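The values are calculated or read from the model by the stated rules, or taken from the named source; none is laboratory data. These numbers come from a predicted model, not from an experiment. Counting neighbours? That spans all protein chains shown, and the Cβs are built from the backbone with ideal geometry, glycine included.
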């Protein structure tokens, strides 16, 4: 995504209109020049790349456009690494300690580097040159990090990413978003709700899979204190929404007038005909590393219970619940598994409220021992589920013990 200074939009009354680049030879040429600049910078420092980008930018009136494209290339397609024989902090300590034993002069500096070069070559069992020590001393500074890998996109793909990022930036200051998803296949609803859960968005959901859902999402500007992190979470939802076939949304924005500094309301609308292109894969995301680790380790168990990721929606008033997994036995038994590892008090209150209202008689609740349920006001004796406690990782064997009971 793009930082606020690189967002470009205009306002028509209350309607906010973000900048969208056409995919044509001119814009593709701009994208190609920037991609080539990054490709040729592989093996060089970030500072050298910055200088090349400034030279390419020149005095062009499109400087914000070029900076936006460069920002996306740097943050989404490039890998910068610290290249040094040792961690730069340790290397500096070794060099300064050794150099303190002689008077500062050019000859002493070269002798210090040669001495440390020989020492490190023996310690690390690989040749360490004096020049590597010299460049590695401050390799941890951002401008000295090396571009080690660049996964160059097609120019059209970069322009699509730019257009999507401009739209995402609109939601940084949203106070509310109302999303209507209708007449879609159930799998698309499930994917959408999983992303809502993954990004920790505060939602109120009405409807059902047959007639569609109306999803009201509180924005970062509706909180007591505007949260940049929460605004980014809403923006991250937009690429996931593009996997849904039929939808429309309306957002209310709180924008600061650049001339008066006062806050005023804005409006933004978007639907499935927007022409934006997502970069999210269509697969089902895991909500956490705990879930991913559990699913990967389940396959190593010798059991007839089959772990399924595809779980039906459980409708409850004002929301839906999607358990993380279903466990199915060949004899027809099935159990639902929900993993609770997130700590925020309002999330815990909402989660356990969902569990009580769902009233499932085949639910297993795996709860992290790190959670302070008392502080969140959660009473486990009122939760209609079988409880499993875990520390860092949820053990598949612990779940299997409950299943076998």
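Results for (1) surrounded by 16 or more Cβ atoms within 10 Å (Cβ to Cβ); (2) under 25 Å from the mean Cα position of the chain (by Cα); (3) modelled with pLDDT of 95 or more, shown as yes or no for each residue.
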residue	(1), (2), (3)
36	no, no, yes
46	yes, yes, yes
70	yes, yes, yes
73	yes, yes, yes
87	no, no, no
90	no, no, no
Exercise. Keeping to the stretch 134-165, report how many residues are in contact with a strand residue (DSSP E or B) (Cβ under 8 Å, 6 or more places away or on another chain) and buried (at least 22 other Cβ atoms within 10 Å of the Cβ).
Key: 0
Quiz item: Got at least one residue in the stretch 84-106 being in contact with a strand residue (DSSP E or B) (Cβ under 9 Å, 6 or more places away or on another chain) and not in a helix (DSSP H, G or I)?
Solution: no
Quiz item: Which one of 81, 40 is under 30 Å from residue 134 (Cα atoms), surrounded by fewer than 17 Cβ atoms within 10 Å (Cβ to Cβ) and free of Cβ contacts under 8 Å to residues at least 24 places away in the same chain?
Solution: 40
Exercise. Would you point out the residue of the stretch 95-150, among those that are in contact (Cβ under 8 Å) with a residue 60 or more places away in the chain and in contact with a helix residue (DSSP H, G or I) (Cβ under 9 Å, 6 or more places away or on another chain), that is farthest from residue 82 (Cα to Cα)?
Key: 150
Exercise. Please go through the stretch 121-132 and pick out each residue that is over 15 Å from residue 99 (Cβ atoms) and in a helix (DSSP H, G or I).
Key: 121, 122, 123, 124, 131, 132
Quiz item: Does residue 231 count as assigned by TED's automatic domain parsing to the domain that holds residue 66, farther than 18 Å from residue 312 by Cα, part of a loop (DSSP other than H, G, I, E, B) and at pLDDT below 80?
Solution: no
Quiz item: Among the residues of the stretch 10-34 satisfying the criterion of being over 24 Å from the mean Cα position of the chain (by Cα) and in a strand (DSSP E or B), which is surrounded by the most Cβ atoms within 10 Å (Cβ to Cβ)?
Solution: 16
Practice problem: Any chance you could count how many residues in the stretch 166-183 are in contact with a strand residue (DSSP E or B) (Cβ under 6 Å, 6 or more places away or on another chain), modelled with pLDDT of 85 or more and assigned to a helix (DSSP H, G or I)? | Solution: 3
Practice problem: Within the stretch 133-147, track down each residue that is in a helix (DSSP H, G or I) and within 35 Å of the chain's Cα centre (by Cα). | Solution: 135, 136, 142, 143, 144
